[in-house]
């Protein structure tokens, strides 16, 4: 991949100049654009398509201190067959778990095409040494994850130490790429970089962090850990979609986007698909390039799907909690 | 309340009068109440007797509500206050009955007072999106700078409501504070608190966010000093306090330099202070009292 | 075939009950025109006839002005100001209650997308009445002295581009200040004005305070030249505005005019690019470019020309043109065959003059009046398409090098209604705003309106302001 400036170690100030030289984001304008796109009316056949696409883009997530093997088995079962009454409902894209449960998840979904994403690098805070973060990432890959969702060091970013953030991402990328035990379907394991946009706060920071992550080798840029509020929002995702669009235009490499956290209803999910469609474009309307990190969203998508098929509003009794 | 109109042989279901804090209707944490009588001394109701802790809780609620209320657009605040007027109008007959019972007014007087209160509320609602244009300015400073002054709400306003004018007076001291984006803790008239409490029912069913207006009922001499000395209250209207108390309250208020509003006639002037005439057009005084002015400079250049 | 094809999402027409024919609204009642003449109003998207509408004759103008005068002298100027305000609050509330119906009707009659009439036009209409309702009993604070008086009867003529909103801009302040009105809506868009008349009835507005005369140019002329009115307010073309100014010159009538424009939308190299592109699109393609303050000249700093144009072209490809009642439509129909002809003519001129013409691929419906969003590049100040108001979805792109040059080019026009400035630098925004000869300057935004924000032009874009404290002056004897 080519970079516009020399951003190897020691050239930190060029990285800063590049990032600070990116065009600013007018917050009011960005929010207005996101709101306008959220007012699109997606009905009938379009809604049907969007619901199925959204389901197929879900990273079905459980990231709780109280996760047990039982919980992980249940979520994997749901990932494979989301709707107990309707086998035509698509599978989700991935399950997303903590690294110490990744091996279990990998065993449960083996052969289904469902990816196993594991968080790593001291998720969610990212506050530990680089050595520990790299060991965490290696552990996740060795356990059978074919996707790693890492967190950036937000403290370093906000303190202006962009080079440190860059170097950490590049180091994790190397670990993820060079794992010998990778067994997934793609050529190599993939790296998602979580920006934790709720802590970055400004849209200018979201734009800069997006570019920084892509320059350092991210396969996906992801909004949030889901542990901080606000998590994913439409304006933040808008800025990230603009970034991946512009990055492909200048660097020739396509990077994916994953909003995570706070997306609860089918209506929300469809709004994100409209955002993708009219910002980055339809090349990103594919689970390989757009994911939604969620848990309860799946049932609302299934309920809406059922309503479209049967004409009746459904209720929670007809869908499994996990 | 003496029995509301009902069919002969049927017992009326009497209302319980509680405090209004944070959008909810708690009783006083002290568990106390006091007897409210009509103008002839007959029993009307037991009203909650607020304690200093209720006052403290009300200030907390008002502070919590301030960020949202002051950040709402002026248009939105105007809409919310207009809605309050709509609901007041819907309960016109009820309020006329309550005010007449409280103040001993005749039928025509009662109607006039309630109509004036509703119209007063509408008058203030219409100020929400105009006060900035009347009070703000762009200032022609002698240099390459753009300079403008903006009025902004001061924060939490404590209001000691007028003793005698139980609805019109109450509206006249509370509305100017909220239309400008402040939040309010109001202590209703000690002798005639019931119309103010019924007003809180209107507030709770309109779109006023919880905590924007909080209403306490009780003894002025007991509660007012706690509000006047409270370090998280930014302004205080001493209208309903008797002269002797008002001076002490003003001294207490000076501890954090609260903006203080005294009644129209100078308190020190006469023993029997002339009561403020609430039917007169209010002017800008009470709105301006709760507005800070912020002046901003920015250079102009390429 | 796109991957994500938005299915049709039509807003239902059922909420509107169109009458077969409408009369004039005079003295609180609907009445046929004196000579029985009528004309049809059509939907510009489908060319279907929507209704028949009365054509007001000079006799009808006499009747209406007389009704307005009676109402002024006997009722409206006698009523306490706070009661006037409460009538306006009522009207505002009813507009909110009937907002969906009004939005659908506006889109049917005008051709603009339902999303715009629903989300922009009608909410602003209600807001204008709310805002001005509050001024009725506060005029002594407006900065015009302790007791400013109304003028009397106002004759008001409005255009077809924002029919109900232009009505609100005229009627709300006029009534708040104590005047009565006779208003003529544009001949291609009378229906929301006539529904507004119904709303006046629902609000129990005293008869004669508001009168609506439907008709064409002749009716308008008869109204503004009528000796019985004290005030003329006109929004429309500069050409007609000048005629009105000439007609009123020897009279004592107070006149305000809101006319055409050829606004410069100026994009600097440090502009927030994605939002600037939205602002360019919004500036000229909102309401199909039928906007007097449209940003019809893009002035882009030469150093970022390629980047901005590329972003703009990419963005234009996502614009959805089609049925105004489809909730996903971005660009609706051109209001009339006559307007479409004008837009086509000037576009041909643009090509003939040597500018390069580009439109995103766009399927135009067979029936109705349609024009695709169009961009002309390689335009210079000397071109007709850089000087003349096209009043359609046509953008002319010019370049500049320095802020001073941008100001010079922006001001180099007989018009002066609005301008846009896109830059991240605060001092530059203020420097530009101080030098742009335009009544409205939008910085890092465009086409934003609010009842509290004064709107109006410099130079041949007219005189007088609408909205805010400043807008009251037009309707007061000060």
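Below is a table of values for the structure above.
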read-out: Selection count, the stretch C:188-217, where residues are free of Cβ contacts under 8 Å to residues at least 40 places away in the same chain and at positive phi; value: 0
read-out: The stretch A:108-125, subset out of contact with any helix residue (DSSP H, G or I) (no Cβ under 6 Å at 6 or more places or on another chain) and touching a residue at least 40 places away in the same chain (Cβ under 8 Å), residue surrounded by the fewest Cβ atoms within 10 Å (Cβ to Cβ); value: A:113
read-out: Elements of type helices (runs of 4 or more DSSP H) contained in the stretch A:17-113, each with 1 or more residues being within 27 Å of residue A:151 (Cβ to Cβ) and away from every other protein chain (no Cβ under 14 Å); value: A:44-56, A:69-80, A:102-109
read-out: Helices (runs of 4 or more DSSP H) contained in the stretch B:118-234 and holding at least 1 residues surrounded by 24 or more Cβ atoms within 10 Å (Cβ to Cβ), within 14 Å of chain C (Cβ to nearest Cβ) and touching a residue at least 24 places away in the same chain (Cβ under 8 Å); value: B:168-179
read-out: Helices (runs of 4 or more DSSP H) completely within the stretch C:362-462 that count 2 or more residues being over 30 Å from residue C:47 (Cα atoms) and within 14 Å of chain B (Cβ to nearest Cβ); value: C:403-411, C:426-435
read-out: Criterion violated by residue B:81 - all others in (1) within 14 Å of chain C (Cβ to nearest Cβ); (2) in contact with a helix residue (DSSP H, G or I) (Cβ under 6 Å, 6 or more places away or on another chain); (3) free of Cβ contacts under 8 Å to residues at least 24 places away in the same chain satisfied; value: (3)
read-out: Lone unmet requirement of (1) at pLDDT 95 or above; (2) touching a helix residue (DSSP H, G or I) at 6+ places or on another chain (Cβ under 7 Å); (3) within 14 Å of another protein chain (Cβ to nearest Cβ) for residue A:231; value: (3)
read-out: Residue check for residue A:95: within 15 Å of residue A:298 (Cβ to Cβ) and buried (at least 24 other Cβ atoms within 10 Å of the Cβ); value: yes
read-out: Among residues of the stretch A:290-301, those that are in contact (Cβ under 8 Å) with a residue 60 or more places away in the chain and away from chain C (no Cβ under 12 Å), counted; value: 8
read-out: Matching residues in the stretch B:283-302 - criterion: being closer than 14 Å to residue B:181 by Cβ, out of contact with any strand residue (DSSP E or B) (no Cβ under 7 Å at 6 or more places or on another chain) and away from every other protein chain (no Cβ under 11 Å); value: B:288
read-out: Selection from the stretch C:131-174 of residues that are more than 14 Å from chain B (Cβ to nearest Cβ), assigned to a helix (DSSP H, G or I) and in contact with a strand residue (DSSP E or B) (Cβ under 9 Å, 6 or more places away or on another chain); value: C:166, C:167, C:169, C:170, C:171, C:174
read-out: Sole exception among (1) in a loop (DSSP other than H, G, I, E, B); (2) more than 24 Å from the chain's Cα centre (by Cα); (3) at negative phi for residue C:18, by number; value: (2)
read-out: Residues that are assigned to a helix (DSSP H, G or I) and away from chain B (no Cβ under 14 Å), drawn from the stretch C:72-98; value: C:72, C:73, C:74, C:75, C:76
read-out: Residue ranges of helices (runs of 4 or more DSSP H) in the stretch B:42-105 with at least 1 members farther than 23 Å from residue B:212 by Cβ; value: B:92-103
read-out: Any chance residue C:63 is at pLDDT 95 or above, out of contact with any strand residue (DSSP E or B) (no Cβ under 6 Å at 6 or more places or on another chain) and away from chain A (no Cβ under 14 Å); value: no
read-out: Options C:46, C:41: the member that is away from chain A (no Cβ under 14 Å), at pLDDT 95 or above and within 22 Å of the chain's Cα centre (by Cα); value: C:41
read-out: Residues that are part of a strand (DSSP E or B) and in contact with a helix residue (DSSP H, G or I) (Cβ under 8 Å, 6 or more places away or on another chain), drawn from the stretch C:32-53; value: C:41, C:50, C:51, C:53
read-out: Residue match in the stretch B:241-252 (condition: within 28 Å of residue B:77 (Cα to Cα) and outside any strand (DSSP E or B)); value: no
read-out: Count - residues of the stretch C:414-437 that are crowded, with 23+ Cβ neighbours inside 10 Å and over 17 Å from residue B:138 (Cβ atoms); value: 9
read-out: Inter-residue pairs, beta-carbon under 8 Å, first at positive phi and within 14 Å of chain C (Cβ to nearest Cβ) and in the stretch A:257-285, second modelled with pLDDT of 95 or more and in a helix (DSSP H, G or I), 6+ apart; value: A:281/A:245
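For (1) within 14 Å of chain A (Cβ to nearest Cβ); (2) surrounded by fewer than 23 Cβ atoms within 10 Å (Cβ to Cβ); (3) assigned to a loop (DSSP other than H, G, I, E, B), each residue gets a yes or a no:
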{"site": "C:208", "(1), (2), (3)": "no, no, yes"}
{"site": "C:223", "(1), (2), (3)": "no, no, no"}
{"site": "C:227", "(1), (2), (3)": "no, yes, yes"}
{"site": "C:232", "(1), (2), (3)": "no, no, no"}
{"site": "C:242", "(1), (2), (3)": "no, yes, no"}
{"site": "C:245", "(1), (2), (3)": "no, yes, no"}
{"site": "C:252", "(1), (2), (3)": "no, yes, yes"}
{"site": "C:255", "(1), (2), (3)": "no, yes, no"}
{"site": "C:274", "(1), (2), (3)": "yes, no, no"}
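Residue-wise test of (1) within 16 Å of residue C:346 (Cβ to Cβ); (2) in contact with a helix residue (DSSP H, G or I) (Cβ under 9 Å, 6 or more places away or on another chain).
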residue	(1), (2)
C:376	yes, yes
C:389	yes, yes
C:397	yes, yes
C:411	no, yes
C:426	no, no
C:435	no, yes
C:448	no, no
C:455	no, yes
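One line per residue, one yes/no per condition, for (1) closer than 30 Å to residue C:234 by Cβ; (2) at pLDDT below 95:
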site	(1), (2)
C:275	no, no
C:278	no, no
C:307	no, no
C:318	no, no
C:347	yes, no
C:363	no, yes
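The values are calculated or read from the model by the stated rules, or taken from the named source; none is laboratory data. Computed from a prediction, not measured in an experiment: that's the story for all the values here. Neighbour counts run over all protein chains shown; Cβ positions are idealised from the backbone, glycine included.
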